[in-house]
1. Test of the criteria: in the range 133-213, which trypsin sites (Lys or Arg not before Pro) are in a DSSP loop and have at most 14 other Cβ atoms within 10 angstrom of their Cβ?
2. Plugging the Kirkwood radius over Cα pairs into Stokes-Einstein for the range 148-203, at a temperature of 20 °C and a viscosity of 1.002 mPa s, what D comes out in µm²/s?
3. Return the calculated 222 nm mean residue ellipticity for the chain, to the nearest 500 deg cm²/dmol, obtained by summing -39500 (n - 2.57) across DSSP H runs with n ≥ 4 and dividing by the residue count.
4. Going 7 Å from the Cα of Asn50 toward and past its Cβ, which residues in the range 120-137 have a backbone nitrogen under 15 Å from where you end up?
5. Averaging sequence separations of C-alpha pairs under 8 Å and six or more residues apart, then dividing by the length of the chain, give the relative contact order as a whole percent.
6. Only Lys, Arg, Asp and Glu count, each charged at its Cβ (+1, +1, -1, -1), so figure out the dipole size of the chain about its Cα centre, rounded to 20 debye.
7. Does anything in the range 87-130 have its amide N under 17 Å from the 7 Å Cα→Cβ label point of Leu205, and if so which residues?
8. When the chain is modelled as a GNM with alpha-carbon springs shorter than 10 Å, which of Ser147, Ser91, Ser167 fluctuates the most?
Amino acid sequence: MTTAPSTLDELTLHKLLRYFEQQPLPRKAILHPDQDINRLIHSAELPSANFRNAAVLIPIREGSVILTLRTEHLSSHPGQVSFPGGTTDASDVDAIATALRESEEEIGVRAESVQVIGQLGNLLMPSGYCVTPVVGILAAGTRLTPSPREVDHIFGVPISIALNCASYQRTRVMLMDTEREVLEFHHEGYRIWGATATILHHLALELEAVDTLA
């Protein structure tokens with residue numbers, strides 16, 4: 001007999017596991033909240049052959065999504081909240097290998113401490129990257145050690161918040177001299193927005209349709 005989830009975090013985790021059991025591959029692409037970006041990345045202006053592959057890990061530890069705050073001196077997205085991840089190396093056999101390698105480099109999590117439960121569809125970025133999010137559950141008590149070069153510090157957001165569509169709001173920001181629509185939510189002083197929020201919101205939408213009774 002299976003014990004029913006007793007908290008919102010446990011229910012969300014149960015739905016997440018069911019999602020990867022129920023949904024066939026390939027999974028749907030992740031769309032940006034700004035339709036102008038979606039039109040751009042699917043146009044001849046950004047041929048698919050020009051995209052560079054990258055992957056991120058969505059780490060879940062003890063009911064929380066683990067996120068990083070990037071250091072201020074980085075050339076790309078300094079001081080912003082992100083997942084551990086990066087560009088695919090020639091030695092990486094797939095997106096999972098990329099996500100796990102980058103996670104060990106950035107937050108000190110070894111691959112054997114991660115139970116990979118699935119991956120999402122790709123997110124095409126106007127910067128020319130094709131990002132594959134990989135979802136993994138960290139073993140209880142897994143120690144997280146931020147890389148001082150890339151990560152200012154590490155924090156967690158309960159999955160019942162991070163994977164709840166009601167947590168998100170739409171706003172407009174200036175990106176590369178153009179006003180764009182983005183998703184964001186705030187948690188304990190952190191602003192989670194941009195690609196990180198887009199990926200989490202996409203997964204939250206996917207979970208809404210999961211049959212948890214099966």
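1. Values: sites: Arg143, Arg149, Arg170, Arg172, Arg180, Arg191; in loops: Arg143, Arg149.
Counting only loop positions with at most 14 other Cβ atoms within 10 Å, the trypsin sites (Lys or Arg not before Pro) in the range 133-213 are Arg143, Arg149.
2. Values: Rh = 12.4 Å.
Rounded to a whole number, D works out at 173 µm²/s.
3. Working: 5 runs with 54 residues, N = 214.
The helix contribution divided over the chain gives -7500 deg cm²/dmol.
4. Within reach of a label on Asn50, which here means backbone N under 15 Å from a point 7 Å along Cα→Cβ, the range 120-137 contributes 124-130.
5. Numbers: 391 pairs, mean separation 55.0, N = 214.
RCO, the chain: 26 percent.
6. Working: 16 positive and 26 negative charges, 33 e Å.
Using Cβ point charges on Lys, Arg, Asp and Glu, the chain gives about 160 debye.
7. Only 120-126 fall inside the zone, counting backbone N under 17 Å.
8. Greatest mean-square fluctuation among the candidates belongs to Ser91.
Since every read-out is calculated from the coordinates, none of them should be taken as a lab result. These numbers come from a predicted model, not from an experiment. Cβ: placed from backbone, ideal geometry, glycine included. Neighbour counts: every protein chain shown.
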